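Have a look at the structure below, then the notes.
The values are calculated or read from the model by the stated rules, or taken from the named source; none is laboratory data. Predicted, not measured: the structure shown is a model, and the values here were computed from it. Cβ sites come from the backbone with ideal geometry, for glycine too, and all protein chains shown count toward neighbours. What goes into the accessible areas is simple: the full protein's heavy atoms, side chains included, and nothing from ligands, DNA or RNA. Shrake-Rupley method; radii C 1.70, N 1.55, O 1.52, S 1.80 Å.
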Amino acid sequence: MTDGQARDEVVRFTSDLIRIDTTNRGGGDCRERPAAEYAAALLAEAGVEPVLLERTPGRTNVVARVEGSDPSADALLLHGHLDVVPAEAADWSVHPFSGEVRDGVVWGRGAVDMKNMDAMILAVLRAWAREGVRPRRDLVIAFTADEEASAADGAGFLADRHPHLFEGCTQAVGESGAFTFHDGAGRRIYPVAAGERGTGWLKLTARGRAGHGSKVNRENAVTRLAAAVARIGEHVWPTRLTPTVTAALTELAALYGVDADLDDVDALLGKLGPAAALVEATVRNSANPTMLEAGYKVNVIPGEAAAFVDGRYLAGAEDEFRATLDELTGPDVDWEFHHREVALQAPVDVPLYAQMRAAVEEFAPDAHVVPYCMSGGTDAKQFSRLGITGYGFAPLKLPEGFDYQALFHGVDERVPVEALHFGVRVLDRFLRTA
Ligand SMILES: [Zn+2]
């Protein structure tokens, strides 16, 4: 059981980390080093020797290992990123890098994504050092840089260049999961992430015959591109259920007392009320056109036109994604992956998942813990290259009306002190039993 000091520390660490501005604007414009040094010092005080690693100066990652009592057990990786997305101070009620604690709430960029979890990990390890607690499995702790951009300076770099630090790790626990989802009808659902859709950011290129805008032109690159973009945007992707999404739908159907008819998933989603939002983005692949680049003058037909599409695919459905894109783009438009990340699928019929569920239920007896698949991605994708199966578990008990998912990358990102206290208790319990 965590003590009062752990509860004080988790709030102070969250607030302090928010005050260290680690805005990641992409393109290498970020400096995590001060936050990494802050976390490393707290680990060192707890007798956990950290290593600081950089691919690029200032883009610092912290890795440490807590030795478990059972040397034959696989190691568990616990990871959180140190960078945050940009915040426009003028839009906020409090300064996004103030870390202010006001009326029982910690305010600022990173309050839920994910300096809260970094602080919880630090508070738990320090409580363990005071109490002499040792985990059963080796715990590898990683605080990463660059998650909010390409991960090239963060988890990607660690996985590629320092795999030995993760030796023995078979499972990982990281970002996003076990927060309270209020369904508006009194149910408190805690989704635990057990999979992620893959990322396929696409560049489409249409080629044609350049010429004068007043002439007949049946090979207009802009027309070809626009047609392909419209076909992609309007395409209705077939449902493709992964084991995690199937488990999510089945458990939610039981919770709502409706028939889990997986042959008509859209109808089933319609019966789940607001809880459908937890699954609807992950029952099929998707491809949303987001950017267009073509032409430079109204009376000149360009020879080439380009578009960008944000594609996402489920585990096991990437080949179908590619084949469908070939079809939708047609013979006059080429497409390629501008950026590609793998889809993940993690089993939920394993002890680790049961341990996460039990830890939440112990401190939130009315909780309905359900697995879910993330529509986007986290550092778990990078660590999967080392054969590590990733879960999302950053426990937060949130009051009704507190829209966690809207605060992710949102204005007035904040987290209740009570939620952090709950989180540190649940994480402590989970890690003691893992
Ligand atoms: Zn995040």
(request) Send over a whole-number figure in Å² for the accessible area per residue of the range 198-341, probe 1.4 Å. (result) 51 Å²
(message) Quick check on the range 1-51: take the gyration tensor over C-alpha atoms, sort the square-rooted eigenvalues as a ≥ b ≥ c, and tell me if it's rounded (a/c under 1.5), prolate or oblate.
(response) oblate
(request) Please work out how much length the chain gains when fully extended from residue 5 to residue 201, using 0.36 nm per residue of separation minus the C-alpha to C-alpha distance, in nm with one decimal. (result) 66.1 nm
(request) Quick one: net charge around residue 108, please, counting Lys, Arg +1 and Asp, Glu -1 for every other residue with C-beta under 10 Å from its C-beta. (result) 0
(request) Give me the percent of the accessible area of the chain that comes from carbon and sulfur atoms, probe 1.4 Å, all protein chains in place. (result) 49 percent
(request) Measure nothing fancy, just the Cα-based angle from helix 33-45's long axis to the longest principal axis of the chain, in degrees from 0 to 90, nearest 10. (result) 30 degrees
(message) What is the angle, in °, between the Cα long axis of helix 115-131 and the longest principal axis of the Cα atoms in the chain? Nearest 10 is fine, range 0 to 90.
(response) 20 degrees
(request) Let me know the shape class of the range 1-139, please: from the alpha-carbon gyration tensor, a ≥ b ≥ c as square roots of the eigenvalues, rounded when a/c is under 1.5, otherwise prolate if a/b is greater than b/c, or oblate. (result) oblate
(message) Using a 7 Å offset from the Cα along the Cα-to-Cβ direction at both residue 259 and residue 72, what is the distance between the two label points in nm, to one decimal?
(response) 5.0 nm
(request) With a 1.4 Å probe and every protein chain left in place, tell me how much accessible area residue 269 has, in Å² to the nearest 10. (result) 20 Å²
(request) Kindly identify the range 198-341 as rounded, prolate or oblate by the Cα gyration tensor criterion: order the square roots of the eigenvalues as a ≥ b ≥ c, call it rounded if a/c is under 1.5, otherwise compare a/b with b/c, prolate if a/b is larger, else oblate. (result) prolate
(request) Kindly express, to the nearest 10 degrees and within the range 0 to 90, the angle between helix 417-433's C-alpha long axis and the longest C-alpha principal axis of the chain. (result) 80 degrees
(message) For a Förster distance of 51 Å, can you work out the FRET efficiency between the beta-carbons of residue 294 and residue 162, rounded to the nearest 0.05?
(response) 0.75
(request) Can you find, among 112, 76, 28, the residue farthest towards the positive end of the dipole of the chain? Put +1 on the C-beta of Lys and Arg, -1 on that of Asp and Glu. (result) 28
(request) Describe numerically, in nm with one decimal, the distance between label points set 7 Å from Cα along Cα→Cβ at residue 320 and at residue 152. (result) 3.3 nm
(request) With an 8 Å cut-off on Cα pairs and a minimum separation of 6 or more residues, tell me the relative contact order of the range 198-341 in percent. (result) 47 percent
(request) Taking the Cα centre of the chain as origin, work out the dipole magnitude from +1 charges on Lys and Arg Cβ and -1 charges on Asp and Glu Cβ, in debye rounded to 20. (result) 560 debye
(request) Set Lys and Arg Cβ to +1 and Asp and Glu Cβ to -1, take the dipole of the range 198-341 about its Cα centre, and tell me which of 257, 230, 279 lies farthest positive. (result) 230
(message) If I model a spin label at residue 95 and residue 133 as a point 7 Å from the Cα along the Cα→Cβ vector, what separation in nanometres do I get?
(response) 3.6 nm
(message) Given the options 269, 299, 289, identify the residue whose Cα lies farthest towards the positive end of the charge dipole of the range 198-341 (+1 on Cβ of Lys, Arg; -1 on Cβ of Asp, Glu).
(response) 299
(message) Which one, 64, 35, 253, has the greatest fluctuation when you compute a Gaussian network model over the chain with C-alpha springs under 10 angstrom?
(response) 253
(request) Take the chain, connect every pair of alpha-carbon atoms lying under 10 Å apart with a spring to form a Gaussian network, then pick out the residue of 273, 186, 311 with the largest mean-square fluctuation. (result) 186
